[in-house]
Every structure is written in structure tokens, then in C-alpha cells.
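Shown next, in C-alpha cells, is the structure this report addresses.
The values are calculated or read from the model by the stated rules, or taken from the named source; none is laboratory data. What you see is a predicted model, and the numbers here were worked out from it, not measured in a lab. Ideal geometry is used to build each Cβ from the backbone, glycine not excepted, and the neighbour counts take in all protein chains shown.
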């Protein structure tokens, strides 16, 4: 019996090891889109103006200026879109990406091996997922899952799973993660500059299909009365609308500063109420109604 169990375990390893080996590491990427001021620095060299079609490596750091954006395409069809005022790089020989500051969208195809997004304090492991993230060092982290699921961890050992249509907003140094809150997926897709077809063109067809399924699923839940809109409104990185320019009550002045300590602050690690609804007079997320990347494009 023991010998049979050992044979079964060896057979299982033979099945699973090749699957893991198919996750090819990132080595190079093609700069498929450049909007306005995009520069590339190789290690410690001076940053030079980037051009569409340029090849970047793990030694490259991509820097975007005001009202600027960039798109990277990897050989396995992973797509990264970088928002304004951002500093981004990936580590050659791994599937790790790092955002030093700013915002970006990441789409990793199913069965491509996933990827890990790293900041100084929080990491996100994703597999076959479309996500958005904004990181402002010392102020806030916003992480959105459009389709798929992500697993967040921090340097304190805390973790949380983020399902599609949810967002985590927190201080970078928070000990615990707040509960993910529900966001308006339709508005996010309509208003995000990182999903703007005019600037970037459409997302890859598989990603479009999965995003559409995520949108349809949320719409069906809302129509069935099983999903109530939360108190957090997210319009997507680089909000393109809001001609009125109005701010909601209890919202900061638009400069993106966090609410002061005290009271119920769900963004310092305390759980949000079920369904993501804010308590009467509660604090809005960092930056108020501003989406990831809205300080840029």
C-alpha cells in the first residue's frame, strides 16, 4: 500500500511540474503605444525619450509625465498600460512587475503563468486577470480587479483575496487589509483612460470577452436586487467625464489627501461595512471621488 502511495505521488509530480514550467519569465517587452511624454532610463543612465516599437528589458525603467501614457506588450500577450506621472519596471527573468509610483492596468491571459505586482509594501499575485492599481507612496494604494481574482499580501503578513468588481483602498503602511468594496464596473470601463479605445485601441479579444462577462454578471446582480451600490464611486484611472466638476459631501478637496485620523476610517485597515456602503457622514476614499490615475491624464 505504501509503495502504491509513493508511485501515485510521483505520478502527480510528473503531471504538475511541466505545467509550472510553461510560465515563461518576462525578458523583453515592446513599447506598443506612447502618448506625450514617455521616457526610458536604462539602469542609472539619463532618461531618454521613448518611441513606439522600442524594445525594453528588465534593465529599463519607464517614466511617464503629465497627461502621458504608455503601453507594453509582452511575448505571451500580457499587456501593461501605464498612466500619467508613473514610474514602472519589470524584473527580467521573473514574472514580477514593480510600480514605484503612479497607476497602471495589467492584463495577463489565462494559462500564461500569472504575474506578481509589487510596491514597497504590498504585493498582488494574479493569474489570468485584468487589474488596475494606483500607488502613491506614503499616502494610499488603490487596487481594482476587473475580471479574475487577485491575492494581496503585505509586509506584515496580512492577506486578502479580491474578486472581480471589487476594490481595495488603504494606506500603504496599514497592518491589515480592509474588506474589498463593490465598485461600479460600467462607469469604470466607460471613464478609465487606461481602457480608452481612442488612446490605446481595444483590449485583446479574450480580455474583452472576460471583461464583458464581468460587467454582465454585476448588472444581473443589481437587477435582481442582490447587489446594492456602495458609497464608493470609482470612475477609472484618468477619469474622462464629469463636466460638472462637483464634489460629493464629505469628500476631500481633490488633492488626494487621506482623511485625518479618528472616527470610522475604513482605509486604515478597518473592515468596510457589508456591501461597501459608507456610514452616514463617513470618510470617502483617499482622493475622494477620484479614480486611480486621475492625478495624471
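Observations, loosely collected:
To keep it simple, each residue is scored yes or no on (1) in contact with a strand residue (DSSP E or B) (Cβ under 6 Å, 6 or more places away or on another chain); (2) at pLDDT 90 or above; (3) closer than 26 Å to residue 142 by Cβ.
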site	(1), (2), (3)
8	no, no, no
11	no, no, no
35	yes, yes, yes
94	no, no, yes
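- One residue alone among 130, 121, 80, 116 is under 14 Å from the mean Cα position of the chain (by Cα) and either surrounded by fewer than 17 Cβ atoms within 10 Å (Cβ to Cβ) or farther than 24 Å from residue 215 by Cα (or both), and that residue is 116.
- Set 81, 39, 66, 30: member being out of contact with any strand residue (DSSP E or B) (no Cβ under 9 Å at 6 or more places or on another chain) and either closer than 20 Å to residue 194 by Cβ or in contact (Cβ under 8 Å) with a residue 40 or more places away in the chain (or both): 66
- Evaluating residue 51 against the criteria (1) touching a residue at least 60 places away in the same chain (Cβ under 8 Å); (2) part of a loop (DSSP other than H, G, I, E, B) leaves one unmet condition, (1).
- Residues of region 134-165 classified as out of contact with any strand residue (DSSP E or B) (no Cβ under 8 Å at 6 or more places or on another chain) and surrounded by 21 or more Cβ atoms within 10 Å (Cβ to Cβ), total: 0
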